[in-house]
Amino acid sequence: MPQLIKDGALAADRWTLLPDAYSLGDVPERVPVAVPLALWLAERGALRARGNVGVILAPDDDPAALAEDAATLPLIAVDFPQFTDGRGYSTARLLRERHRFEGELRAIGDVLRDQLYLMAECGFDAFALREDRNADDALQGLTDFSGLYAATARTPQPWFRRRKPVSSTDTFYP
């Protein structure tokens, strides 16, 4: 059973992810589910009426396809098929910054401790860890660093704008 970290703590997973669902017949009733983008786009009306439906984005999926749904979706799960595939980081930033998604943004797939801090900076707030990983150890990955120089989804101000002047002669770029 996958281990879930949500909002910086271990959590029970109430969602059923259905990455291989191809039709409404593959979707069980009365449980919160997440379906692939293709099924969501094909059956948006029926799935939206059902309620408690999220979307799974594969690395090749365009997050702009969810732009008009971002305000109402409770969950978007972004798949990382291999830890070396970084496209999900960009997907997360686009969902949070451009499409203003405010629901649960979950990293799924080959998710490892070393990635959690940067994933959180990109906008993820939930992480489904690989089954062979220790969730308590992975939680520490969220605090491995004290900050970044660049602007991120979680910290939109770059370091030089957050820095306090040391003296009155310090100058900063506008």
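The values are calculated or read from the model by the stated rules, or taken from the named source; none is laboratory data. What you see is a predicted model; the values in this text were computed from it and never measured. Cβ placement follows ideal geometry from the backbone for every residue including glycine, while neighbour counts extend to all protein chains displayed. Keep in mind that these areas ignore ligands, DNA and RNA; they rest on the heavy atoms of the full protein, side chains included. Shrake-Rupley method; radii C 1.70, N 1.55, O 1.52, S 1.80 Å.
Label sites at ALA9 and ASP85, each approximated as a point 7 angstrom past Cα along Cα to Cβ, lie 3.2 nm apart. Sorting 133-139, 95-101 by their mean Cβ neighbour count within 10 Å, with the most densely packed peptide first, gives 95-101, 133-139. When nucleic acids and ligands are ignored and a 1.4 Å probe is applied, TYR89 ends up with an accessible area of around 40 Å².
Leaving ligands, DNA and RNA out of it, rank ARG48, ARG130, ARG106 by accessible area with a 1.4 Å probe, largest first.
Descending accessible area places them as ARG48, ARG130, ARG106.
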